[in-house]
Amino acid sequence: MTTAVTRPVAIKIDQNTRERIKKLAEARQRTSHWLMREAISQYVEREEKRVAFRQDAVNAWKEYQENGLHVSGEEVVGWLSTWGEENEQAVPVCHK
């Protein structure tokens, strides 16, 4: 098992934010340090997902430009409108 090496990093925050973090940490029965680490961790995870989502969209656009395969909005809406019904339609097939 590998152990993550942690190193201290200093950030500058205004007094108002510092007090808000302290109050929130007290309400959650955590330390301000824990709260800031958690906030940073959640932010980084969310932004990584956002970057990956955007890259997927860019890749899909490039693929569409190369091969022209697509499904129209009407086809998707028609398919979605049958979800959960007895006669649920199959996923629309991509076409040019």
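Restricting attention to the range 80-96, the residues that are of a type outside the set (Phe, Trp, Tyr), loosely packed, with under 12 Cβ neighbours inside 10 Å and part of a loop (DSSP other than H, G, I, E, B) add up to 10.
If the condition is being of a type in the set (A, V, I, L, M, F, W, C) and under 14 Å from the mean Cα position of the chain (by Cα), then the range 39-96 contributes 44, 51, 52, 53, 57. Look at the range 10-25: where a residue is over 15 Å from residue 38 (Cβ atoms) and of a type in the set (S, T, N, Q), no partner that is exposed (fewer than 12 other Cβ atoms within 10 Å of the Cβ) and modelled with pLDDT under 95 sits 6+ places away or on another chain with Cβ atoms under 6 Å.
The values are calculated or read from the model by the stated rules, or taken from the named source; none is laboratory data. Please read these numbers as outputs of a predicted model, since none were measured by experiment. Glycine gets a Cβ as well: all are built from the backbone with ideal geometry, and neighbour counts include every protein chain shown.
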